[in-house]
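Undergrad: Dropping a structure here in structure tokens format, bear with me for questions.
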Amino acid sequence: MQILGLMGSSRRDGNTNDLLDAALRGASEAGAQVEKVLLPDYKLHHIYNCKDCKQRGACEEDDFPILRDKISAADGLIWASPLYWFTVSGLTKVLLDRLCCIMYLDTYEAFIEKMKGRLAATLCVMEETDFNKARHLLGTMEMVYEYCQWSNLGYVVGLGGSRGTILKHTDTLRQAYELGEKMAKINQTRRKP
Ligand SMILES: Cc1cc2nc3c(=O)[nH]c(=O)nc-3n(C[C@H](O)[C@H](O)[C@H](O)COP(=O)(O)O)c2cc1C
């Protein structure tokens with residue numbers, strides 16, 4: 001079982017990264033092969049809606065094909081994003097938008113066929129203590145999972161802010177650990193694209 005963590009904060013060593021590490025540790029200790037990608041390390045342009053890929057057979061202008069292949073190879077996806085303006089970070093949103101490139105290369109049906117059957121979970125950190133303000137982020141991710149036909153295993157929201165804040169919240173780290181562990185333990189049989 002391969003689990004891919006997608007770290008969507010601009011700050012590589014921030015709370016989002018720490019929370020994702022806890023989830024991936026849980027997954028790894030439960031026997032999964034884990035990989036973490038830091039989205040700020042990848043060159044991703046906004047979606048152009050060009051559909052040129054249909055002629056060329058690929059969208060090769062940036063690092064999206066690398067991320068697309070990692071997502072394709074994964075059985076489970078852990079999307080970790082800070083709350084930015086009450087929703088996902090721009091880095092996360094650009095990657096979500098670019099998933100449409102897979103659809104434009106082919107058809108909606110082929111896209112779903114390639115995407116479906118994965119497990120998914122969401123991690124979020126935020127500065128305010130009213131976690132209800134993360135509802136749009138969680139709602140967005142829930143709808144993405146539903147659309148892609150990924151099984152939603154749930155979410156963890158934690159307190160961020162300055163670097164290291166989340167590390168003081170051992171309950172939140174434990175919840176993330178258990179979410180990763182739960183994902184790893186699910187014996188998922190899915191059709192590989
Ligand atoms: C552009 C931007 C927008 C933010 N918007 C919110 C917000 O709407 N609500 C909130 O509670 N915190 C907000 N924050 C605070 C971050 O969620 C918080 O600092 C978080 O820890 C950042 O993640 P990181 O530690 O992984 O970098 C915002 C921070 C930035 C930089």
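Undergrad: Taking the Cα-to-Cβ direction at F86 and at D63 and moving 7 Å from each Cα, how far apart do the two end points lie in nm?
TA: 3.1
Undergrad: Need one number: % antiparallel among DSSP beta bridges in the stretch 2-185, to the nearest 5.
TA: Once the DSSP bridges in the stretch 2-185 are tallied, antiparallel ones form about 5 percent.
Undergrad: Here is a further query. Counting every Cα pair in the chain, what percent are over 20 Å apart?
TA: Beyond 20 Å sits 53 percent of the P(r) for the chain.
Undergrad: Hey, how many Å between the Cα centroid of the stretch 40-71 and the Cα centroid of the stretch 150-182?
TA: 30
Undergrad: While we're looking at this one, here's another question. In whole Å, what three semi-axes, largest first, describe the equivalent ellipsoid of the stretch 84-154 built from its Cα gyration tensor (square root of 5 times each eigenvalue)?
TA: 26, 14, 8
Undergrad: Between Q175, Q33, Q55, find the one with the highest GNM mean-square fluctuation for the chain; connect C-alpha pairs within less than 10 Å.
TA: Q55
Undergrad: What's the percent breakdown of Cα-Cα distances in the stretch 1-70 across 10 Å bins, shortest bin first?
TA: Going from the shortest bin to the longest, the percentages are 18, 39, 28, 14, 1.
Undergrad: If you don't mind, another one. Please check: in the Gaussian network model of the chain (C-alpha springs, under 10 Å), which one of D171, D63, D130 has the largest mean-square fluctuation.
TA: Maximum among the listed residues: D130.
Undergrad: While we're here: List, in the order given, every pair from K54/K114; K70/K116; K43/K116; K93/K182; K54/K93; K43/K133 whose Cα-Cα distance in the structure shown is over 18 Å.
TA: Details: K54/K114 16 Å; K70/K116 15 Å; K43/K116 26 Å; K93/K182 26 Å; K54/K93 23 Å; K43/K133 30 Å.
Table pairs above 18 Å Cα-Cα are K43/K116; K93/K182; K54/K93; K43/K133.
Undergrad: Between G158, G117, G76, find the one with the highest GNM mean-square fluctuation for the chain; connect C-alpha pairs within less than 10 Å.
TA: Ranking G158, G117, G76 by mean-square fluctuation puts G117 first.
Undergrad: May I pose another question? Relative contact order of the chain: what whole-number percent is it, with Cα pairs under 8 angstrom and at least 6 residues apart?
TA: 31
Undergrad: Taking the Cα centre of the chain as origin, work out the dipole magnitude from +1 charges on Lys and Arg Cβ and -1 charges on Asp and Glu Cβ, in debye rounded to 20.
TA: 240
Undergrad: Can you give me the Cα centroid spacing of the stretch 5-26 and the stretch 101-139 in angstrom?
TA: 16
Undergrad: Divide by every residue of the chain the summed helix terms, -39500 (n - 2.57) for each DSSP H run of at least 4, and state the resulting mean residue ellipticity at 222 nm, rounded to the nearest 500 deg cm²/dmol.
TA: So the calculated ellipticity at 222 nm is -13500 deg cm²/dmol.
Bear in mind these aren't lab numbers, they're just calculated from the coordinates by the rules spelled out. In this text, all values refer to a predicted model and were calculated from it rather than measured experimentally. When we count neighbours, we look across all protein chains shown, and the Cβ atoms used for this are built from the backbone with ideal geometry, even at glycine.
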